[in-house]
Amino acid sequence: MSSRGQIAPLVIPGPSGEMQVVRKPTWIDPPAQWQNIDQFAYVALPAIGAQANVISFFVPSGYNGIINKIANNFVGGGWTEGSGQVTWQILADGAPPQGASNYDLILGSLGSPANPVEIPGFRIFENQTITLVVKNVNIVVAGQLSGGRLIGYLYPRETEDGNAWS
């Protein structure tokens, strides 16, 4: 591994016996120019029927990325896991991220922000706003908090294989 945690490319024999370097796709191994994403925050539980952004960040121009660890939680009393009284969403520009529609209605904690859950990952794209939203459906507010964390990496768009996503 390199000093930035990148896995070295694989070197294998080519068709004529010469050695060739093979890189895994950017959604499996980040390229040398990757940048860390580690967004972490807590917010007060909003009023009944309201929602709040726990995390919101902008993907810079010229970069795409991968989110491969997530966490959301509820701190305080009055809530039962899975009840639907508090829900979360992960959104890209206000809609579920491409290939990650199952994060549109999260009914329970997906790990604590101190120990996020590893997921297969979903792509994020330049100029998108990525948001983790908490919605209070039916909990009387009494000082509770909602926390969240999104972890992954950004990489320059030009490092993508043009056929990798078709």
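The values are calculated or read from the model by the stated rules, or taken from the named source; none is laboratory data. All figures in this text were calculated on a predicted structure; none of them were measured in a lab. No Cβ is skipped: glycine too gets one built from the backbone with ideal geometry, and neighbour counts run over all protein chains shown.
Annotations for the structure displayed:
- Residue check for GLY121: touching a residue at least 12 places away in the same chain (Cβ under 8 Å), part of a loop (DSSP other than H, G, I, E, B) and over 16 Å from ASN53 (Cα atoms): no
- For the stretch 129-166, residues that are assigned to a loop (DSSP other than H, G, I, E, B), of a type outside the set (Gly, Ala, Ser), at pLDDT 95 or above and surrounded by fewer than 20 Cβ atoms within 10 Å (Cβ to Cβ) total 5.
- For the stretch 98-118, a residue qualifies if it is under 26 Å from ALA50 (Cβ atoms) and either touching a residue at least 60 places away in the same chain (Cβ under 8 Å) or not aliphatic (A, V, I, L, M) (or both), and the qualifying residues are SER101, ASN102, TYR103, ASP104, GLY108, SER109, GLY111, SER112, PRO113, PRO116.
- Single residue of the stretch 37-59 satisfying the filter (closer than 22 Å to ASN127 by Cα and surrounded by fewer than 12 Cβ atoms within 10 Å (Cβ to Cβ)) that is nearest to the chain's Cα centre (by Cα): ASP38
- For THR87, the stated conditions hold: it is more than 12 Å from the chain's Cα centre (by Cα), β-branched (Val, Ile, Thr) and under 18 Å from ALA44 (Cβ atoms).
- Among the residues listed as GLY94, GLY99, the single one being closer than 30 Å to ALA32 by Cβ, loosely packed, with under 14 Cβ neighbours inside 10 Å and not aromatic (Phe, Trp, Tyr): GLY99
- Within the option set SER101, SER112, being of a type in the set (Ser, Thr, Tyr) and out of contact with any Gly (no Cβ under 9 Å at 6 or more places or on another chain) holds for one residue only, SER101.
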